[in-house]
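Asker: I am attaching a structure below and will ask some questions about it afterwards.
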Amino acid sequence: MPSVQASFYDFSQSVAKILGALLNSLFAVFHAMLALGQQTVAGMFQLGHAIMRLATDLTQGVVGFVFANFFALLIIGGGYYWYTTRQNTGKGTRAVKSK
């Protein structure tokens with residue numbers, strides 16, 4: 001037959017295990033809340049980084065396209081200017097007679 005002392009010891013051990021489990025559960029909930037906050041902040045930073053990268057890529061593409069077109073117009077315009085001035089100087093210019 002178990003003694004009263006052994007019963008109280010078993011009871012105190014059970015209460016200690018229950019309190020330990022509750023404390024571990026509270027720590028686990030607190031840890032989960034911290035992990036949620038950390039993952040939320042990290043996700044927001046990753047989203048911001050992705051948006052900035054998208055804007056940079058798009059801007060770089062647009063700016064590159066504009067500069068390429070400007071350069072092409074500069075080459076075509078410069079070639080046309082060079083061709084027309086060479087044609088005029090090669091033949092000589094005639095003065096227009098006034099009446």
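The values are calculated or read from the model by the stated rules, or taken from the named source; none is laboratory data. None of these values were measured; they are calculated from a predicted model. Because the Cβ atoms are built from the backbone with ideal geometry, glycine has one as well, and the counts that use them run over all protein chains shown.
Asker: Taking Q60, is it loosely packed, with under 10 Cβ neighbours inside 10 Å, at pLDDT below 95 and assigned to a helix (DSSP H, G or I)? I'd like the intermediate steps shown before the answer.
Answerer: Numbers: loosely packed, with under 10 Cβ neighbours inside 10 Å: no; at pLDDT below 95: yes; assigned to a helix (DSSP H, G or I): yes.
Against the criterion (loosely packed, with under 10 Cβ neighbours inside 10 Å, at pLDDT below 95 and assigned to a helix (DSSP H, G or I)), Q60 does not qualify.
Asker: OK, next. Scan the stretch 3-31 for residues that are of a type in the set (F, W, Y) and either loosely packed, with under 10 Cβ neighbours inside 10 Å or modelled with pLDDT of 95 or more (or both) and jot them down.
Answerer: Restricting attention to the stretch 3-31, the residues satisfying the condition of being of a type in the set (F, W, Y) are 8-9, 11, 27, 30.
The answer is F27, F30.
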